[in-house]
Amino acid sequence: MPATPPTARALDRAAARALDRLAEAAEVLLPVECAVCRAPGTALCRACRLVLRRSCARPFEASSAAPLLDPPLSVVAAGRYAHGLATCLLALKSTGRTDLVPVLAACLATALHAAAPGWPAGPVLLVPVPTSPAALRRRWFDPVRLLLEDCARRGALPAGTLVSRGLRHRAAGASLTGPAQKRLGIGRAHV
């Protein structure tokens with residue numbers, strides 16, 4: 001491998017210093033803190049990241065927590081919804097902490113790989129549960145879609161897995177005809 005010329009190394013060092021200064025300025029204007037422990041300077045501090053990774057290291061079969069699903073559909077959870085995992089998921093959903101997406105997507109990818117051996121042969125289509133229109137307006141993003149897209153972009157999905165463009169919410173009675181909508185009282189205004 002050829003040696004890097006001294007001017008190129010000097011330019012690299014200057015660029016790195018400039019980026020460091022820019023990051024410091026951004027931190028003053030838009031401070032970032034750990035989503036779990038509130039330590040300054042990072043979306044998820046090293047200690048909280050380690051705890052989160054450990055809590056999601058062994059995904060588990062959680063169908064008993066979803067009694068409405070028929071037996072052929074299994075549920076695999078990335079981790080117990082508690083402590084750091086719950087805090088990070090709520091920060092993503094409620095406060096728009098999209099800087100947590102890479103870490104949470106890694107947890108999701110681990111769970112998908114744990115679930116994959118139980119999937120039928122052939123391609124598998126993942127269909128994200130749709131965000132309600134009100135939540136989408138409030139957040140401006142769909143958290144589940146964001147996580148799945150991050151997994152797909154990084155090549156972290158199990159082989160043969162595709163991500164659906166998703167389902168959409170429909171207004172109650174949207175597929176009904178006019179008289180049927182009238183019977184349901186759709187479109188009436190009460191003052």
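Please treat every number below as a calculation from the coordinates, not as lab data. Predicted, not measured: the structure shown is a model, and the values here were computed from it. Virtual Cβ from ideal backbone geometry, glycine too; neighbours counted across all protein chains shown.
Let's test the formula: R0 of 22 Å, r as the Cβ-Cβ distance of residue 42 and residue 16. What FRET efficiency results, to the nearest 0.05?
Values: r = 18 Å, r/R0 = 0.83.
Taking R0 as 22 Å, the efficiency between residue 42 and residue 16 is 0.75.
Restricting to DSSP loop positions (anything but H, G, I, E, B) with no more than 14 other Cβ atoms inside 10 Å of their own Cβ, which trypsin sites (Lys or Arg not before Pro) remain in region 61-118?
On the way: sites: 80, 93, 97; in loops: 80, 97.
In loop regions of region 61-118 (DSSP not H, G, I, E or B), the sparsely surrounded trypsin sites (Lys or Arg not before Pro) are 80.
Stretched out fully, how many nm does the piece from residue 64 to residue 163 gain, at 0.36 nm a residue minus the Cα gap?
Numbers: separation 99, 0.36 × 99 = 35.64 nm, distance 2.52 nm.
The span from residue 64 to residue 163 would gain 33.1 nm if fully extended.
Taking amide H positions as placed 1.01 Å from N in the peptide plane, with prolines and chain starts having none, which residues 5 or more places from residue 124, or on another chain, fall under 5 Å of its amide H?
For residue 124, whose amide H was placed from the backbone, the distant partners under 5 Å are 161, 162.
Which whole-number percentage describes the relative contact order of region 11-169, with Cα contacts under 8 Å and a sequence gap of 6 or more? Mind showing how you got there, number by number?
Working: 174 pairs, mean separation 29.6, N = 159.
Once normalised by length, the contact order is 19 percent.
Please list, ordered by chain and number, the residues whose modelled amide H lies under 5 Å from the amide H of residue 39; skip anything fewer than 5 residues away on the same chain.
Distant-sequence amide H within range of residue 39: 34.
How large is ³J(HN,Hα) for each residue in region 123-132, as worked out from phi by the Karplus curve 6.51 cos²θ - 1.76 cosθ + 1.60 (θ = phi - 60°), to whole Hz, x for Gly and Pro?
Values, residue by residue: x, 10, 9, 8, 10, x, 5, x, 6, 5 Hz.
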